[in-house]
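Peer 1: Following this message is one structure expressed as structure tokens.
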Amino acid sequence: MTTRDVYIVDAVRTPIGKYAGALSGVRPDDLAAGVLRALVDRSPALDPARIDDVYFGNANGAGEENRNVARMAVLLAGLPVTVPGVTVNRLCASGLEAVVQAYRAIAVGDASIAVAGGVESMSRAPWVMAKPERGFPAGAQQLHSTTLGWRMVNPRMPGEWTVGLGEGAELIADKYGITREAQDAFAWASHRKAAAAWAAGAYDGEVVPVAELPRDETIRENTSMEALGKLKPAFRADGSVTAGNSSPLNDGAAALLIADEAGLAALGREPLARISAGATTGIEPQYFGLGPVEAAQRALAKAGRSFADLRTVELNEAFAAQALGCLAAWPELDPAVVNPRGGAIALGHPLGASGARLAGAVAHQLAAAGSGLGMATLCIGVGQGTALLLER
């Protein structure tokens with residue numbers, strides 16, 4: 001079967017808000033609608049009715065983003081009611097999965113122009129309660145926070161598979177002998193790179209303002225190794241993973257305009273990059289953070305390329321230990337090309353939006369460089385990894 005070339009034409013995102021911060025008053029469906037509207041407005045030649053589908057990633061789905069947040073975003077953004085929308089969930093990689101699904105639809109000819117993105121408001125994630133098995137229970141009922149992690153765990157699941165995300169990061173630190181100092185140094189570098197990128201205007205072309213938040217809210221440009229070193233372990237009393245070397249809880253949204261050759265002609269725009277190949281793989285759930293290792297290798301093999309060919313890599317920094325574990329498994333990759341404008345430890349990790357943010361970041365970086373191969377990749381809770389290659 002002959003497939004079509006697929007291009008990322010444009011990519012936008014909100015500044016990322018901190019938990020209970022500047023974006024906590026904005027509903028997730030409004031965040032999604034905002035980036036969708038901004039993306040459409042940046043292509044004046046685009047007739048919104050020509051958008052064949054809108055794919056949005058979301059990891060929660062239990063709150064205000066229920067009822068298919070992609071479709072809600074289409075309607076709230078004022079697009080024609082004929083434009084459909086679908087919401088996908090691959091937890092932390094939901095936004096990248098949305099890009100992959102749009103890519104596949106266009107590649108096989110089911111669409112010509114599509115939007116893919118993701119949204120999460122961890123601040124507004126609700127508390128939920130299981131429905132009682134019998135009516136009118138007399139005792140107290142348990143509420144579960146849907147902000148992050150396991151809830152209502154199936155008792156048939158092995159205990160080692162359902163450890164908390166932070167404990168999973170500790171297991172990776174144990175596996176690779178990753179020290180507290182190495183994790184703190186990685187986190188410090190993430191903040192320095194993010195602050196420098198914002199100061200240099202590197203994010204001006206992709207970030208659209210919302211709720212008067214001028215930039216990503218969790219960047220700490222004044223942090224230091226000394227300050228990070230004073231933080232107590234967050235998940236084990238004698239552990240090395242802290243709040244400072246982990247990604248925070250966040251709110252935000254991102255969206256990408258994706259098209260084939262005919263779509264490009266209709267838009268009258270030069271694309272940022274072409275989608276080259278992708279892969280998704282599974283791993284033992286407790287080692288979820290190493291999910292990108294095999295996914296990246298498979299994506300590169302599909303494209304007939306190697307780590308040495310990569311000009312830029314956006315590796316989601318769920319935890320410094322997790323990111324360092326992946327880098328340890330990729331000795332051929334130059335660490336200098338990884339997260340050149342900062343990563344999730346500094347910028348934030350709004351779960352459903354992060355994959356779309358990473359894909360957009362790679363596309364913008366390749367466009368700024370003029371050529372090259374880039375990769376966006378994330379680890380995924382419950383033990384998966386996804387990687388996507390872009391080329392210009």
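Peer 1: For the range 52-72, enumerate the residues that are within 20 Å of S123 (Cβ to Cβ), hydrophobic (A, V, I, L, M, F, W, C) and surrounded by 18 or more Cβ atoms within 10 Å (Cβ to Cβ).
Peer 2: F56, A59, V69, M72
Peer 1: Is there any pair with a first residue in the range 178-200 that is more than 28 Å from G168 (Cβ to Cβ) and in contact (Cβ under 8 Å) with a residue 60 or more places away in the chain and a second that is of a type in the set (A, V, I, L, M, F, W, C) and surrounded by 22 or more Cβ atoms within 10 Å (Cβ to Cβ) whose Cβ atoms are under 6 Å apart and which are 6 or more apart or on different chains, and what are they?
Peer 2: Every condition considered, the pairs that remain are A195/I219.
Peer 1: Shifting gears a bit: Restricting the search to the range 187-197, which residues are under 19 Å from the mean Cα position of the chain (by Cα) and open to solvent by less than 40 Å² (accessible area, probe 1.4 Å)? Step through it out loud before you land on a result.
Peer 2: From the range 187-197, those under 19 Å from the mean Cα position of the chain (by Cα) are 187, 190-191, 193-194, 197; that's our starting set.
Of everything in the range 187-197, those that are under 19 Å from the mean Cα position of the chain (by Cα) and open to solvent by less than 40 Å² (accessible area, probe 1.4 Å) turn out to be A187, S190, H191, A194, A197.
Peer 1: If I go through the range 235-250 residue by residue, how many of them are touching a helix residue (DSSP H, G or I) at 6+ places or on another chain (Cβ under 6 Å) and surrounded by fewer than 16 Cβ atoms within 10 Å (Cβ to Cβ)? Can you show your working first?
Peer 2: Just the residues of the range 235-250 that are touching a helix residue (DSSP H, G or I) at 6+ places or on another chain (Cβ under 6 Å), to begin with: 235-236, 239-241, 244-245, 247.
Going one step further and asking which of them are surrounded by fewer than 16 Cβ atoms within 10 Å (Cβ to Cβ), we end up with 236.
Within the range 235-250, residues that are touching a helix residue (DSSP H, G or I) at 6+ places or on another chain (Cβ under 6 Å) and surrounded by fewer than 16 Cβ atoms within 10 Å (Cβ to Cβ) number 1.
Peer 1: Moving to a separate point now. Run down A237, A227 and say which single residue is more than 24 Å from V12 (Cβ to Cβ), of a type in the set (A, V, I, L, M, F, W, C) and part of a loop (DSSP other than H, G, I, E, B). Walk me through how you get there before you give the answer.
Peer 2: Values: A227 fails: part of a loop (DSSP other than H, G, I, E, B).
Answer to the selection: A237.
Peer 1: Look through the range 342-372, keep the residues that are in contact with a Ser or Thr (Cβ under 9 Å, 6 or more places away or on another chain) and surrounded by fewer than 22 Cβ atoms within 10 Å (Cβ to Cβ), and return whichever of them is farthest from I172 (Cα to Cα).
Peer 2: The extreme case among them is A369.
Peer 1: Could you tell me how many of the residues in the range 105-147 are open to solvent by 80 Å² or more (accessible area, probe 1.4 Å) and either in contact with a Gly (Cβ under 9 Å, 6 or more places away or on another chain) or in contact (Cβ under 8 Å) with a residue 40 or more places away in the chain (or both)? Full working, then the answer.
Peer 2: Of all residues in the range 105-147, those open to solvent by 80 Å² or more (accessible area, probe 1.4 Å) come to 110, 127, 129, 131, 133-134, 136, 138, 140-143.
From what's left, either in contact with a Gly (Cβ under 9 Å, 6 or more places away or on another chain) or in contact (Cβ under 8 Å) with a residue 40 or more places away in the chain (or both): 110.
Number satisfying all stated conditions: 1.
Peer 1: Quick check on the range 10-28. Is at least one of its residues in contact (Cβ under 8 Å) with a residue 24 or more places away in the chain, open to solvent by less than 30 Å² (accessible area, probe 1.4 Å) and of a type in the set (D, E)?
Peer 2: yes
Peer 1: Another question, then. In the range 203-223, what count of residues is obtained for those that are open to solvent by less than 90 Å² (accessible area, probe 1.4 Å) and within 19 Å of the chain's Cα centre (by Cα)?
Peer 2: Matching residues across the range 203-223 total 11.
Peer 1: Checking L315 against (1) within 15 Å of I178 (Cα to Cα); (2) buried (at least 18 other Cβ atoms within 10 Å of the Cβ), which test does it fail?
Peer 2: (1)
Peer 1: Could you list, in sequence order, all residues of the range 99-131 that are under 28 Å from T146 (Cβ atoms) and among the hydrophobic types (A, V, I, L, M, F, W, C)?
Peer 2: V99, V100, A102, V115, A116, V119, M122, A125, W127, V128, M129, A130
Peer 1: For the range 240-274, which residues satisfy the criterion of being more than 20 Å from L351 (Cα to Cα), assigned to a loop (DSSP other than H, G, I, E, B) and either without any contact (Cβ under 8 Å) to a residue 60 or more places away in the chain or among the aliphatic types (A, V, I, L, M) (or both)?
Peer 2: Passing the criteria: E270, L272.
Peer 1: Only residues that are of a type outside the set (D, E) and in contact (Cβ under 8 Å) with a residue 24 or more places away in the chain: list them for the range 163-177, please.
Peer 2: Within the range 163-177, the subset of a type outside the set (D, E) is 163-166, 168-169, 171-173, 175-177.
Of everything in the range 163-177, those that are of a type outside the set (D, E) and in contact (Cβ under 8 Å) with a residue 24 or more places away in the chain turn out to be V163, G164, L165, G166, G168, A169, L171, I172, A173, K175, Y176.
The values are calculated or read from the model by the stated rules, or taken from the named source; none is laboratory data. Predicted, not measured: the structure shown is a model, and the values here were computed from it. In this analysis, Cβ positions are derived from the backbone assuming ideal geometry, glycine residues included, and neighbour counts consider all displayed protein chains. The accessibility values were calculated without ligands, DNA or RNA, using every heavy atom of the protein model including side chains. Shrake-Rupley method; radii C 1.70, N 1.55, O 1.52, S 1.80 Å.
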